[in-house]
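J.: This is the structure I have questions about; it appears just below.
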Amino acid sequence: MNKNFVLTVDNFFTKKECKDILKTYKINLKLEKQTGYLYNDIILQGFKFLDKFSKLIKLYTKTYPEADMTPSLWALATLRFKLFKKGQSFKHFHSEVSLTNPIRVLSLQVYLTEHECGTEFFRDKKVIKSKAGRACLFPAYFTHTHKGQPDFKKERCIITGYYSFCKKGMNEIN
């Protein structure tokens, strides 16, 4: 069995939930200066869909039990709504662990809009298509180097997040 440690779940959010999230977070956007996308950070406490993320991480660790065998606790640490304008994407291959972010364990993406593009992985050239309501979880490390593909016809909206190592009692929702 080929374990690529990428979990994709369709209909994680319903189309209505995607529209509600767009309506809530597509206002008063800030500019991410390094990459050029627009964003709103999502405050975890009070976010009405947190229970869905708890179920998602349980499915991930059931599918890939070795993910839960780390010597340290990890939990959902951040969520961010991102809007990429036509032709924009995070176009350079990258991983999510770095000197400034060394504690990330898993990367999370939830697509809120439909597109013929998506997230491309460097190693196997696999592309996870951007389908409204689809969630994708994968390791944050260099083993899952990836980039976003641009849509030249319309803007693209996603939620990204990270499950990171934490101390007991911090953001423990997994």
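J.: Would you mind checking the pairs Lys23/Lys52; Lys23/Lys131; Lys19/Lys154; Lys91/Lys167; Lys26/Lys62; Lys23/Lys82 and listing those with alpha carbons more than 24 angstrom apart? Could the numbers behind the result be given before it?
T.: Details: Lys23/Lys52 19 Å; Lys23/Lys131 18 Å; Lys19/Lys154 16 Å; Lys91/Lys167 33 Å; Lys26/Lys62 34 Å; Lys23/Lys82 13 Å.
As for pairs spanning more than 24 Å Cα to Cα, those are Lys91/Lys167; Lys26/Lys62.
J.: Please name which of Ser98, Trp74, Phe49 has its Cα lying farthest along the dipole of the chain towards the positive end, using unit charges on Cβ (Lys, Arg +1; Asp, Glu -1) and the Cα centre as origin.
T.: Phe49
J.: Write down the radius of gyration of the chain and its Dmax, each obtained from C-alpha positions, in Å.
T.: Considering the chain through its Cα atoms, Rg and Dmax are 15.4, 46 Å.
J.: Ranked highest first by average number of other Cβ atoms within 10 Å, how do 107-118, 62-73 line up? If you can, show how the numbers build up before the last one.
T.: Working: 107-118: 20.8, 62-73: 11.7.
Output ranking for 107-118, 62-73: 107-118, 62-73.
J.: Still on this model: About the Cα centre, and with charges only on the beta carbon of Lys, Arg (+1) and Asp, Glu (-1), how big is the dipole of segment 52-174? Nearest 20 debye, please.
T.: Values: 22 positive and 10 negative charges, 71 e Å.
That gives a dipole near 340 debye.
J.: Relative contact order for the chain using alpha-carbon pairs under 8 Å, separation at least 6, rounded to a whole percent? Walk me through the numbers before you get to the answer.
T.: Details: 353 pairs, mean separation 57.1, N = 174.
Reported relative contact order: 33 percent.
J.: Percent of Cα-Cα pairs more than 16 Å apart in segment 1-70, please. Let's see the in-between values first.
T.: Details: 1556 of 2415 pairs.
The proportion of pairs with Cα distances above 16 Å equals 64 percent.
J.: Per-residue counts of other Cβ atoms within 10 Å, averaged by peptide: what ranking do you get for 81-94, 3-16, highest first? Mind showing how you got there, number by number?
T.: On the way: 81-94: 16.9, 3-16: 14.8.
The packing order, highest mean first, is 81-94, 3-16.
Each value in this text was obtained by applying a stated rule to the coordinates, not by laboratory testing. If you're wondering where the values come from, they're calculated on a predicted model, not measured in any experiment. Cβ sites come from the backbone with ideal geometry, for glycine too, and all protein chains shown count toward neighbours.
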